[in-house]
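The values are calculated or read from the model by the stated rules, or taken from the named source; none is laboratory data. The structure presented is a predicted model; accordingly, all values stated were derived computationally and were not measured. Neighbour counts are summed over all protein chains in view; Cβ atoms, including those assigned to glycine, are modelled from backbone coordinates with ideal geometry.
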């Protein structure tokens, strides 16, 4: 079983853009938003993925991700519950760690979230200067809940 341990932060400025090592365009939707188990379909740079996430405890939760054919992913996206999320992802290396910074588009324009996956819950890391308030564990910032009427 895969376990993802992830920390999330709101981003306070766009200085990450100048130091990003790569940029990707992402579309993603959810076949299930059940808090016990979400099922996400994602297209990232013309590659398709399906991801199943279980309910976690704090920053850790079970996660399984598999590549699927692009045509299948496009068809699955059409089956997803609205909204389908569009975002631009920037990768930034900071102090030996790989940060993912997502700029959301459409109705979520203006929302920017930085995420860091870590190998253990007690892993120590430093925050890059563009990182602001921590929102790890705040359900309002789960991708499965973004853009969904609460």
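Values as computed for the structure displayed
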quantity: Residue identified as modelled with pLDDT of 95 or more and over 28 Å from residue 132 (Cα atoms) among 39, 11, 23; calculated: 39
quantity: Residues of the stretch 47-87 that turn out to be surrounded by fewer than 12 Cβ atoms within 10 Å (Cβ to Cβ) and under 29 Å from residue 138 (Cβ atoms), as a count; calculated: 6
quantity: Qualifying residues in the stretch 88-123 (those that are closer than 19 Å to residue 6 by Cα and out of contact with any strand residue (DSSP E or B) (no Cβ under 8 Å at 6 or more places or on another chain)) - the one surrounded by the most Cβ atoms within 10 Å (Cβ to Cβ); calculated: 94
quantity: Conditions (1) farther than 25 Å from residue 33 by Cα; (2) surrounded by 15 or more Cβ atoms within 10 Å (Cβ to Cβ); number of the one not met by residue 135; calculated: (1)
